[in-house]
C-alpha cells in the first residue's frame, strides 16, 4: 500500500537531491536540471496532498507549475546559449567576469 | 456575493491595459522602419502612463471610500488601496526606467526590450494584489522570467550574459524552494487562499509551520535581496544594462516587499512571534552587511547594489515592527526609495553614456562639468543617506519609530548606527563629484531629453515630498489599514 507518507518522502528525497546537486555541480546545464528536479518534487508534494484530501486545487496548481517550468527552460537555455557563444563554456566557475 | 464581470475586470484593469499595450507594441515594432525604433520608447511610456492613470483613478476611489476593497477571480487577487499604491510605484518605476533606457547607447533599440519591461510591470502588479498561493507563484515567476531576460539583454556582452545567467540560476533556485514551502502549506491546510490558510494554521504544530515559513522566506528574501539571499545582487547589478539595474533595484524589490507584507500579515498571523524574530534578524544582518560591503566599492553600480541591500534592511525593520505604523513606514519608505534610487541610477546611465565606464572616479569634477547633474546626484545620495531635512530622513525616522513602538529598541539603535556608516560612502561619491579634479572638466555632459525628464521628475519628487511628508504618510497609513 502506497500511502501519503511514501509520496511525501519521495518528494523530500527528490528535493534534497536537487538542492545538493544545485550546490555541488559546476555545469550550468546540470545545475538547471537539478532545479527542475526540485520543481517536480514540489509538484509531487502538491499532487499527493491534493489527492489525499480529495481536493482539486493542488492538482491544478501543478499544471501552472509545469507551464512556468516550460517558460523557464526556454529562457534558461537561451541564456546558456548566449553565454556559450561568448565564453565557449557553461562551467559556472569560469564565469568570473564580474567580481564576486 | 456574486461579482459582476465588470467588477472582476476592474480589479486587474491596469494589467489588462498593460497586456493590450504590449500587444500593440509588437505590431508597432514590426511596422516602424529601422531608423525610427527609438519611438518605441514613447509607445511604452504611453502604455505605462495609461495603466498609471487607471490605477490612480482606482486608488482615488478606494481612498475616497467610493469603492470598497474586494477579492476577484475566485479569491486570486484583491483590489485594495495597498495593491493600488504598490502598482503606482511599479508603473512609475517603469516609466522612469523607459525614459533612461531610450538613449542608453549599449541597448539596441528594439521592441522586445520594452515589451519585456511591460510584462514584468504587469507581473509586479499582480504580486501586489495576490491573495492566494497559486497567484503568488505565477506573478512572481512572470516578473522573474521577464527580468532574467532583461538582465541578460546585451547578449553579445559577456558581462550582461553572465549577469542574466546568474540571476536566472539563483532566481529559479530560490523560487523553487519557495514553491516547496507553498506545497507544504497546502499539504498542512488544504487551502490556497491566505485568509483560510491563516485559520487552518492556528491548530498546527509550530515547528511544521516554521519549516514551511522558512522555505517561503527564501523566495521572498531573494526578491528583496536580503542577506543571506543577496549573493546575486552585486554581480547582476554590475553586469545588467544600467537602466535594467535601476528597474530591478526599485520595482522588483518593492514587489518582493509587497508579497512579503501581505503574506506575513494575512496568511501567517498565528506565527507572528516567529516571523517577527526572523524579520528583525534579517533586517539587522541585511543593513549591516550591505553597508559594510559598500564601503570598499570603486564601481558605482556595485556601490549602489550594496546600498540597495542596506536599504532593504531598513525597510525590513518596518515589517519586523509588525504594527500598522510599521507597515505604513515600510510602504512610505518604498515610495521614497523608488524616486531617490532611480535618480542615482539615472546619473549612472548618463555617465556611462559619456565615459563608457561605471567607476566612481569617473565622476571626478562633475560639479564643474555639469553642475545640475552633480546637484541631482547629491540630492539623491543625501536622501538615500537619510540626511535631514530631505524626505529620506523621514522615511528612516518612521521605520525606527515603528521599531521602538514595537519594543525593538535594539534594532532602531542598530539602524541609526548603520545610517552613520552609510553616510560615509555616500559622501565619498559626493567628494568625487565636488572635490576631485579631472582633466575632462571642460567636456560637456550630454543628457538626452527623456533622461532629463527622469532626473527632473525624481529630484523634484524628492524635494516636493520633503514638504508634503505628512499627506504621503497619511496615504501610506490608509494603505496599511488594508491588511
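List of remarks:
- Its Kirkwood hydrodynamic radius, worked out from the mean inverse distance over all distinct Cα pairs, puts segment B:321-400 at 13.8 Å.
- Using only Cα coordinates, the Kirkwood hydrodynamic radius of segment A:4-90 works out to 14.1 Å.
- Folded to 0 to 90 degrees: helix B:449-467 orientation relative to chain B principal axis, Cα: 60 degrees
- Projection of the Cα convex hull of segment B:275-362, averaged over all directions and equal to a quarter of that hull's surface, yields 5.7 nm².
- In segment A:4-90, Cα pairs under 8 Å separated by at least six residues give a relative contact order of 27 percent.
- Counting neighbouring Cβ atoms within 10 Å and putting the fewest first, the residues B:262, B:368 line up as B:368, B:262.
- Eigenvalues of the alpha-carbon gyration tensor of segment B:20-90, scaled by 5 and square-rooted, set the equivalent ellipsoid semi-axes at 33, 13, 8 angstrom, largest first.
- Here B:2, B:191, B:162, B:39 are placed in order of increasing Cβ neighbour count within 10 Å, fewest first, which gives B:2, B:39, B:191, B:162.
- Note on residue A:2 and residue A:17: the model spin-label points, each 7 Å out from Cα along the C-beta direction, lie 1.5 nm apart.
- Pair-distance profile P(r), taking every C-alpha pair of chain B, with 20 angstrom steps and integer %: 26, 60, 14, 0
- Relative contact order for chain B, counting Cα pairs under 8 Å that sit 6 or more residues apart, in percent: 15 percent
- Shape box of segment B:58-187 [Cα atoms, principal axes, largest first, Å]: 49, 39, 17
- Against the main long axis of the alpha-carbon atoms of chain B, helix B:391-405 sits at an angle near 30°.
- Over the Cα atoms of segment B:373-483, the radius of gyration divided by the Kirkwood radius equals 1.07; this is the Rg/Rh ratio.
- Here the label points at residue B:416 and residue B:204, each 7 Å from Cα along the C-beta direction, are separated by 4.0 nm in the simple model.
- Residue B:295-residue B:437 FRET efficiency (beta carbon distance; Förster radius 25 Å; 0.05 resolution): 0.60
- Rounded to the nearest whole angstrom, the semi-axes of the ellipsoid equivalent to segment B:272-483, taken from the Cα gyration tensor as √(5λ), stand at 33, 19, 12, largest first.
- Axis of helix B:324-355 versus longest Cα principal axis of chain B: the two differ by about 30°, to the nearest ten degrees.
- Coordinate range along principal axes, alpha carbons of the protein assembly as shown, Å, largest first: 82, 56, 47
Read-outs: derived from the displayed coordinates by stated rules, not from any lab. As the structure is a prediction and not an experimental result, all values here were calculated from the model. Note: ideal-geometry Cβ built from the backbone for every residue, glycine included; neighbour counts use all protein chains shown.
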